[in-house]
Structures are given as C-alpha cells and as structure tokens.
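The values are calculated or read from the model by the stated rules, or taken from the named source; none is laboratory data. In this text the structure is predicted, and so the values were computed from the model without any measurement. A quick note on method: Cβ atoms are made from the backbone with ideal geometry, for glycine too, and the neighbour counts reach across all protein chains shown.
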Amino acid sequence: MDITVPVVIHLDHGNFEAAKEAIAAGYNSVMFDGHDLPFEENLAKTKEIVALAHAKGISVEAEVGSIGGEEDGIIGEGELANVDEAKQIAATGVDFLAAGIGNIHGQYPANWKGLNFERLQELADAVEQPLVLHGGSGIPQEQVEKAISMGVAKLNINTECQLAFAKATREYIEAGKDQQGKGFDPRKLLKPGTDAISDTVKEIIGWMGTKPVKLVPEEL
Ligand code: 13P
C-alpha cells in the first residue's frame, strides 16, 4: 500500500485474556487494562503481561485509575489516578502508562471541569514512562497542548472521528446523493465519512507538536 510511516498494531483496553491472545497473535503493542480489578491483581497481571510481551519485543501500556465514561460497555467513574499506585505499576516495566486525570471516554458533559493538571504534574514527576491520555475527543486544544508539554505522549481519540464520520455521511444522504447515479455504491456512500475521519485526524495531529515525516522504506 506504499505506506511510508511506521505502523503498529496495538490492542486498546484489553483484559488479561485479550492481552495474552494479542501477544500470541503477534501484535506490536498491547494495552492491559486492569483498572477494574483490585489494585494488587492489576499489578500482578500487569507484571505477567510485561514479561510475556517483552520476551517478544512487544510494548505494553497499562492503566491506573479509572478513566470515566463508557467504552465498549465498560463504564468508568472518572477518578484521578493514585500517584503511589502509578509508581508501582510503572515499576513493572510497562512502556507507557494511561492514568486518569479527569479525562473521560465519549462526549464531555457541559459541566466537565477539565483536565487536572496538578495530578498530571504529580504523575509526570513520579514515573519515567510517557503518559497516555485517553478520552481525547472534545478536550480543548490548549488543554491537549499543555498535557503534551507535561509528559503526555500518546492521545487516544475515537468518538470525535465517529462523530465526524456520522455528520458527513448524514449530509451526503440528506442531500439525496445516494439516490443520484450510483451514489449508493458503498465506495461513494462511505467516502465523505472516511474523508471526514481523515481530516479530523490531520487537524489533531497538527496540535501534537510533531512534524510530518517521510521515511524511505529502508528506514522502516
Ligand atoms: P474517545 O472516544 O473519548 O476519544 O476515547 C478514545 C479512547 O480513549 C480509546 O482508548
């Protein structure tokens, strides 16, 4: 496909079994999300996943402190990660750490208080690993940029892409374009939505302080 950037296959929010399956299947990276387990069990299972994954050169993301909202039927309360727990999870050797700092999955309620930068600073001071910000959809640009400047190195965004897709697809159908010519062809019907996801991702990449890189295949 002439892809010119490094691509990884990463498992997002896997439980213990899913993380093990992904490691066996040859994923490049897995997230073991044990936030809903008693802390000691999250810690022990994270350790096991790190051992299995690192033996195969696979990176591991772990989660400490629930990230609010609902994703894939899992509802989190949206707590702030405990710094001592974060240190213990970090000590298992995980490669990056998802920590609750007031972020939630899905759309933010109108009365959302914003990210808790005080806790983010405490976490960034306590652990060496890059931090992961889940629930990236709808966080204002200034807050995303500030979080990145303080140690967030991975931003997970899903809902915003889905909303962009739905809006563009709705506009296409409401304009009656699916009924003109072969506008019903899935390649045409799904194109505006697919382009809208791409535009959303491009825009947000612009907030990341990164520059587009063009790698020649030998460097991959
Ligand atoms: P959003 O759907 O809120 O952007 O969250 C995505 C996410 O964190 C995936 O892990």
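How about region 130-166: which of its residues are within 16 Å of the ligand (Cβ to nearest atom) and of a type in the set (D, E, K, R)? Explain how you work it out, then say what you get.
Kept after step one, since they are within 16 Å of the ligand (Cβ to nearest atom), are these residues of region 130-166: 130-141, 143-144, 147-148, 152-166.
Correct list: LYS154, GLU160.
Can you name the residue in region 176-197 that is over 28 Å from ILE157 (Cα atoms) and in contact with a Lys or Arg (Cβ under 7 Å, 6 or more places away or on another chain) and, of all such residues, is surrounded by the fewest Cβ atoms within 10 Å (Cβ to Cβ)?
Keep residues of region 176-197 that are over 28 Å from ILE157 (Cα atoms), which gives 176-185.
Filter again for in contact with a Lys or Arg (Cβ under 7 Å, 6 or more places away or on another chain), leaving 182-183.
Details: LYS182: 9, GLY183: 14.
Residue satisfying both the conditions and the ranking: LYS182.
Would you check if ALA62 is at pLDDT 95 or above and either more than 18 Å from the chain's Cα centre (by Cα) or aromatic (Phe, Trp, Tyr) (or both)? Walk me through how you get there before you give the answer.
Details: at pLDDT 95 or above: yes; either more than 18 Å from the chain's Cα centre (by Cα) or aromatic (Phe, Trp, Tyr) (or both): no.
It is false that ALA62 is at pLDDT 95 or above and either more than 18 Å from the chain's Cα centre (by Cα) or aromatic (Phe, Trp, Tyr) (or both).
Does VAL127 satisfy the criteria of being of a type in the set (Val, Ile, Thr) and within 16 Å of the ligand (Cβ to nearest atom)? Reasoning before the result, please.
Working: of a type in the set (Val, Ile, Thr): yes; within 16 Å of the ligand (Cβ to nearest atom): no.
No.
Give the residues of region 78-101 that are among the small types (Gly, Ala, Ser), within 18 Å of the chain's Cα centre (by Cα), farther than 9 Å from LEU123 by Cβ and part of a loop (DSSP other than H, G, I, E, B), sorted by residue number.
GLY78, GLY100
Regarding region 129-144, can at least one residue be identified that is more than 14 Å from the chain's Cα centre (by Cα) and closer than 21 Å to PHE32 by Cα? Lay out the reasoning, then the answer.
Step one: of region 129-144, the residues more than 14 Å from the chain's Cα centre (by Cα) are 129, 140-143.
Next, only the ones that are closer than 21 Å to PHE32 by Cα stay: 129.
Yes, region 129-144 contains at least one residue that is more than 14 Å from the chain's Cα centre (by Cα) and closer than 21 Å to PHE32 by Cα.
Within region 16-26, is even one residue in contact (Cβ under 8 Å) with a residue 24 or more places away in the chain, within 16 Å of the ligand (Cβ to nearest atom) and outside any helix (DSSP H, G or I)?
Among the residues of region 16-26, not one is in contact (Cβ under 8 Å) with a residue 24 or more places away in the chain, within 16 Å of the ligand (Cβ to nearest atom) and outside any helix (DSSP H, G or I), which makes the answer no.
Can you report the number of residues in region 162-220 which are at pLDDT below 95 and among the aromatic types (Phe, Trp, Tyr)?
Going through region 162-220 one residue at a time, the tally reaches 1.
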